[in-house]
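Engineer: This is the structure I want to talk about, given as structure tokens.
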Amino acid sequence: MTESSYFFVSIVIFIAVYILIIWDKFDRTLVALGGGMLMIILQILNQESAIEAVDFDTVTLLIGMMMIVMVMRRTGVFEYLAIKVLKISKADPQRLIILLSLITGVLSGLLDNVTTILLIIPVTLSVAKDLKLDPIPFIIAEIFASNIGGTATLIGDPPNIMIGSQVGFTFNDFLINNSIIALPILLLTSILFALLYKKVLIADESVKAKVLAVNEKDAITDGPLLLKSMIVFSLVILGFIFNSVLHIESPTIALTGAIILIFLSGISSEEILHEVEWKTIFFFIGLFILVGGIEATGVIEILAKDVLLLTHGDVFMTTLSILWVSAIASAFIDNIPFVATMIPMITEMGQLSGIDIYPLWWALSLGACLGGNGTIIGASANVVAIGIAEAQGYRITFGHFFRVAFPFMILTIIIATVYMIFRYLAF
């Protein structure tokens, strides 16, 4: 095939996979993997390039944290936390969805959104079971909150890590520029989700009374294992926070913590590995190869260049264009390769035109991170949450999530637009 043929074939495969995922009649993991394999079979990517396209940092981090969570689950700690959260909210479902969303958002900024989802979803499923409620509204709200919270800090979402590393932005830079808009958006959307699901978030008074009467301490089934788990988990989190000082990457820290905890627990590694959400892991691998295919043929690069060319170097239009294109693209394309392509483009534009590109970095960060809320495959946290829910028998379709989340995502980008104008572009 010619170069142009590869270009169009990669687009056709990418669109076909997304149509099948949206149609939701086939297993999405098989569809994503099938699309990835087509990229290799048709030689859009060779075997080595396909492997390079897989973000093994993300995959390893996920596996490590999943293993830690699987051990911790045996202690009863998630049931304990569920009862505590229920008591704080007085078992009122609307208060509960707001509280869980806020907790998710704050934790996502302090840890990262994928780790937070791995911790919060088991608690949510337990809470919903106790109140005899459908957990899906809570899960959708928490996915949304995790991506908003991740927007606020340097370590909360991979695009921020990439931008910070390239430009030299510090943790404080993200707090000063992103958190002051991310936190109000988090609060607003948490309340909006409570209002949206008001009619279904109704718990029977007798059920609420029964749940509130439960002693949360009785939920702990293995105190010694809980102590070991909390020590290892705390060390892992400290490792995440100080990884730049330790010069050890987060995936290595997570996997090392998982190995140590399994060894200390006495549980067989086979048992824990059997419980890892491999379906979610392989869905990621398929998507990475798929996006690697369209990246290799230049589709993402052309999109990025067109945005910059159409604005003719005008700072106002370029900033808002990057914000909106990043948001829409990140809803449908993994934001990691998109941001990787945009970074050199923005750098080059600054060198060629001499314009102030400072606001462009924050537009890219806000657009890529908030835009991930648009679809169930827009961000890593979304895929993980959907996978855990599905493993427990709660299936969230592409269409269901899109109808709820995409309009809310657009609302957050409108708010971000107003913020960008007044913060960076008005004067």
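Engineer: Please enumerate the residues belonging to segment 206-232 that are assigned to a helix (DSSP H, G or I), aliphatic (A, V, I, L, M) and closer than 17 Å to Leu96 by Cβ. Give the steps one after another, and end with the answer.
Structural biologist: The first filter runs over segment 206-232 and keeps only residues assigned to a helix (DSSP H, G or I), leaving 206-212, 216-219, 223-232.
Narrowing further to those that are aliphatic (A, V, I, L, M): 207, 209, 211-212, 219, 225-227, 230-232.
Val207, Ala209, Val211, Leu212, listed by residue number.
Engineer: Let me ask something else about it. Please enumerate the residues belonging to segment 408-427 that are open to solvent by 10 Å² or more (accessible area, probe 1.4 Å), part of a helix (DSSP H, G or I) and either farther than 15 Å from Ala145 by Cα or of a type in the set (Val, Ile, Thr) (or both).
Structural biologist: Residues of segment 408-427 open to solvent by 10 Å² or more (accessible area, probe 1.4 Å): 408, 410-411, 414-415, 417-419, 421-427.
Next cut, part of a helix (DSSP H, G or I) only: 408, 410-411, 414-415, 417-419, 421-425.
Answer for segment 408-427, where residues must be open to solvent by 10 Å² or more (accessible area, probe 1.4 Å), part of a helix (DSSP H, G or I) and either farther than 15 Å from Ala145 by Cα or of a type in the set (Val, Ile, Thr) (or both): Ile410, Ile414, Ile415, Thr417, Val418, Tyr419, Ile421, Phe422, Arg423, Tyr424, Leu425.
Engineer: Then there's this: If we scan segment 360-373, do we find a residue that is out of contact with any Pro (no Cβ under 8 Å at 6 or more places or on another chain) and outside any helix (DSSP H, G or I)?
Structural biologist: Initially, segment 360-373 is screened for residues out of contact with any Pro (no Cβ under 8 Å at 6 or more places or on another chain), giving 360-363, 366-367, 370-373.
If we keep only those that are outside any helix (DSSP H, G or I) too, we end up with 372-373.
Taking every residue of segment 360-373 in turn, at least one turns out to be out of contact with any Pro (no Cβ under 8 Å at 6 or more places or on another chain) and outside any helix (DSSP H, G or I).
Engineer: Ok, one more. Of all helices (runs of 4 or more DSSP H) completely enclosed by segment 60-151, which ones contain at least 3 residues that are of a type in the set (Ser, Thr, Tyr)?
Structural biologist: 93-110, 113-131
Engineer: Separate question: Has segment 33-54 got any residue that is in a helix (DSSP H, G or I), within 30 Å of Ile260 (Cα to Cα) and either touching a residue at least 40 places away in the same chain (Cβ under 8 Å) or in contact with a helix residue (DSSP H, G or I) (Cβ under 6 Å, 6 or more places away or on another chain) (or both)?
Structural biologist: The first filter runs over segment 33-54 and keeps only residues in a helix (DSSP H, G or I), leaving 33-41, 47-53.
Add one more test, that the residue is within 30 Å of Ile260 (Cα to Cα), and what stays is 51-53.
Retained after the next criterion (residues that are either touching a residue at least 40 places away in the same chain (Cβ under 8 Å) or in contact with a helix residue (DSSP H, G or I) (Cβ under 6 Å, 6 or more places away or on another chain) (or both)): 52-53.
The answer is yes; a qualifying residue exists.
Engineer: Those residues that are part of a helix (DSSP H, G or I) and more than 30 Å from Glu249 (Cβ to Cβ), I need them from segment 22-32; list them, please. Give the steps one after another, and end with the answer.
Structural biologist: Pass one, segment 22-32, residues part of a helix (DSSP H, G or I): 22-23, 28-32.
Residues satisfying the conditions are Ile22, Trp23, Leu30, Val31.
Engineer: Would you check if there is a residue in segment 246-253 being farther than 17 Å from Phe78 by Cα, at pLDDT 90 or above, touching a helix residue (DSSP H, G or I) at 6+ places or on another chain (Cβ under 7 Å) and open to solvent by less than 50 Å² (accessible area, probe 1.4 Å)?
Structural biologist: Filtering segment 246-253 down to residues farther than 17 Å from Phe78 by Cα leaves 246-253.
Going one step further and asking which of them are at pLDDT 90 or above, we end up with 252-253.
Adding the requirement that they be touching a helix residue (DSSP H, G or I) at 6+ places or on another chain (Cβ under 7 Å) leaves 253.
Adding the requirement that they be open to solvent by less than 50 Å² (accessible area, probe 1.4 Å) leaves 253.
Checked against the condition, which is being farther than 17 Å from Phe78 by Cα, at pLDDT 90 or above, touching a helix residue (DSSP H, G or I) at 6+ places or on another chain (Cβ under 7 Å) and open to solvent by less than 50 Å² (accessible area, probe 1.4 Å), segment 246-253 yields at least one hit.
Engineer: So in segment 363-378, with the set limited to residues that are among the aliphatic types (A, V, I, L, M) and either under 24 Å from Thr397 (Cβ atoms) or open to solvent by 10 Å² or more (accessible area, probe 1.4 Å) (or both), which one is modelled with the highest pLDDT? Working first, answer last.
Structural biologist: Here is the first cut: in segment 363-378, the residues among the aliphatic types (A, V, I, L, M) are 363-364, 366, 368, 370, 376-377.
Applying the additional criterion that residues be either under 24 Å from Thr397 (Cβ atoms) or open to solvent by 10 Å² or more (accessible area, probe 1.4 Å) (or both) yields 370, 376-377.
Numbers: Leu370: 96, Ile376: 90, Ile377: 85.
Per the criteria, the residue is Leu370.
Engineer: Tell me the residue from Ile19, Ile68 that is open to solvent by less than 10 Å² (accessible area, probe 1.4 Å), modelled with pLDDT under 95 and of a type in the set (Val, Ile, Thr), please. Lay out the reasoning, then the answer.
Structural biologist: Values: Ile19 fails: open to solvent by less than 10 Å² (accessible area, probe 1.4 Å).
One residue alone meets the criteria, Ile68.
Engineer: (1) free of Cβ contacts under 8 Å to residues at least 60 places away in the same chain; (2) open to solvent by less than 10 Å² (accessible area, probe 1.4 Å); (3) of a type outside the set (Lys, Arg): which one isn't true of Leu107, the others all being true?
Structural biologist: Against the list (1) free of Cβ contacts under 8 Å to residues at least 60 places away in the same chain; (2) open to solvent by less than 10 Å² (accessible area, probe 1.4 Å); (3) of a type outside the set (Lys, Arg), Leu107 comes up short only on (2).
Engineer: Conditions first: (1) assigned to a helix (DSSP H, G or I); (2) open to solvent by 10 Å² or more (accessible area, probe 1.4 Å); (3) under 21 Å from Val17 (Cβ atoms). Glu348 passes all but one, so which condition is the exception?
Structural biologist: Failing condition for Glu348: (3).
Engineer: Continuing with this model, one more query. Which of the residues that make up segment 196-218 are open to solvent by 80 Å² or more (accessible area, probe 1.4 Å) and under 21 Å from Phe144 (Cβ atoms)?
Structural biologist: Leu196, Lys198, Lys199, Val200
The values are calculated or read from the model by the stated rules, or taken from the named source; none is laboratory data. Everything quoted here is computed from the prediction, not taken from an experiment. All Cβ positions, glycine included, derive from the backbone under ideal geometry; neighbour counts span all protein chains shown. Protein only, heavy atoms only, side chains kept; ligands, DNA and RNA dropped before computing areas. Shrake-Rupley method; radii C 1.70, N 1.55, O 1.52, S 1.80 Å.
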